[in-house]
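The values are calculated or read from the model by the stated rules, or taken from the named source; none is laboratory data. Not measured: the values here are computed from a predicted model. Using ideal geometry, Cβ is built from the backbone for each residue, glycine included, and neighbour counts are taken over all protein chains shown.
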Amino acid sequence: MAKTLTQEFVKGLWEEIPPFKLVLGLCPVLAVTRSVENGIGMGIATTFVLVCSNMLISMLRNIIPQKIRIACFITIIATFVTVVEFLMQAYTYPLYLKLGIFIPLIVVNCIVLGRAEAFACKNDVAHSLADGLGIGLGFTLSLAVLGTFREVLGAGTFLGHSVFGDVFQPFTFMVEAPGAFIGLGILLCLMNIASSK
Amino acid sequence: MNDMFKMVLVLALLTSISGGVLAGVRSLTMDRIEYQQLKFQKEPVIRSILADAENDPMTDRFKIKDGDVAHTIFPAKIGDQKIVTLEAFGKGFSGPVGLLVAFDLDNDTIIGSGVTISTETPGFGSKAKEDPSFVAQLEGTSIDQVASVKKDGGEIDAISGATITSRGVCVAVNEATAIYKRLKPELSKSMDNLGSEGGTD
């Protein structure tokens, strides 16, 4: 194992930042980034699932038979997702109502399964924790950035507070579905320009 | 064969532990979730159907046992009218549809209702919650009347494109009426108590 824990953690924030560099988990990225708050909430929920499932899968990696590993991973992931769903219902109910169906859909988020298959089942617990935390925070960051971009332009607000005052005419298109694709495209383009220099 | 046995064992163990954990988390969070649902789902509906109430239906709520289940009742007094509100469920297009129905205790009529939980399709079934004119059709009907959509020979105009949701709402109304009929003696008693409490302060 050549990489240190810090390297595993940091790679999730830029080098392998999930929606932009790995281009994984696009469904929730496009769907929930209507506002910054939704984006961050979704990001934190996914991070929790990712960290927990990465650690548990790494702990069990020598017990889980190779042939049924995917079934085992999905069971573990689905359990944590349901736990998150209960916790969100109990403590952040309004956010739970807004994110709705996308919380249970974390089960099929390819980032979570992807990290389990590509990383956690081959590495020790500490590295898997660092990997899960890094990728999760990277995902949260991406959702927050895309959410900011869309909310500021589309509704003229940031976290519900008005940014430009009354003179600004909101560009409503940005909070609709096509705005999500265009926003993602522009950010992806900017990131590619930045990293190619 | 050994391999096969190990696979079955691991998966069986994993799923049973997972089931146990989920049951635990569920029982730990159940009360808290109920409170949140009360606050965010039922309160707005209660406030809108019982806007004129002289008491606070949320703080005066009480539970009545109906066989194995306990129903939460939201009582209200508007002038001389004694009103009880209870929730019932019907099956919608993509999950349960919750409906709060308010009954006038003296006339046995429905005086208002509103959808609480719905995961119906936005733009179609979701109108049951968003468009007040749909549930307004139930207002004033007697509890002896069985609600059903026109397609099924009833009186209710279904929401266009959402017959299944509309049927779900009808089922919920009929269910609420059935509960109301069963619990009526106890409801009257509780309402009298509420009245005397109200008189003393």
- line: Picked from region B:1-57 (must be β-branched (Val, Ile, Thr) and surrounded by 15 or more Cβ atoms within 10 Å (Cβ to Cβ)), the residue farthest from the other protein chains (Cβ to nearest Cβ) is B:49
- request: Considering every residue within region A:133-142, establish whether at least one is exposed (fewer than 14 other Cβ atoms within 10 Å of the Cβ), in contact (Cβ under 8 Å) with a residue 40 or more places away in the chain and on the phi < 0 side of the Ramachandran plot.
  value: no
task: Among the candidates B:98, B:125, B:168, single out the residue that is in a helix (DSSP H, G or I) and in contact with a Phe, Trp or Tyr (Cβ under 8 Å, 6 or more places away or on another chain).
output: B:168
- prompt: For residue A:104, all conditions in the list (1) surrounded by fewer than 18 Cβ atoms within 10 Å (Cβ to Cβ); (2) touching a Ser or Thr at 6+ places or on another chain (Cβ under 7 Å) hold save one; what is the number of the exception?
  reply: (2)
message: Could you list, ordered by first residue, the pairs with Cβ atoms under 7 Å in which the first is in region A:32-59 and closer than 19 Å to residue A:108 by Cα and the second is surrounded by 24 or more Cβ atoms within 10 Å (Cβ to Cβ) and among the basic types (Lys, Arg), at least 6 apart or interchain?
response: A:33/A:150; A:50/A:115; A:54/A:115
- request: Check B:73, B:159, B:164, B:117 and return the single one that is in contact with a strand residue (DSSP E or B) (Cβ under 6 Å, 6 or more places away or on another chain), among the hydrophobic types (A, V, I, L, M, F, W, C) and modelled with pLDDT of 85 or more.
  value: B:73
message: If I filter region A:109-119 down to residues being of a type outside the set (Asp, Glu) and over 17 Å from residue A:43 (Cβ atoms), which single residue comes out as nearest to the other protein chains (Cβ to nearest Cβ)?
response: A:116
task: Exactly one condition in (1) surrounded by 15 or more Cβ atoms within 10 Å (Cβ to Cβ); (2) assigned to a loop (DSSP other than H, G, I, E, B) is not met by residue B:161; state its number.
output: (1)
message: Name the residue that is farthest from residue B:2 (Cα to Cα), counting only residues in region A:34-87 that are more than 10 Å from chain B (Cβ to nearest Cβ) and hydroxyl-bearing (Ser, Thr, Tyr).
response: A:35
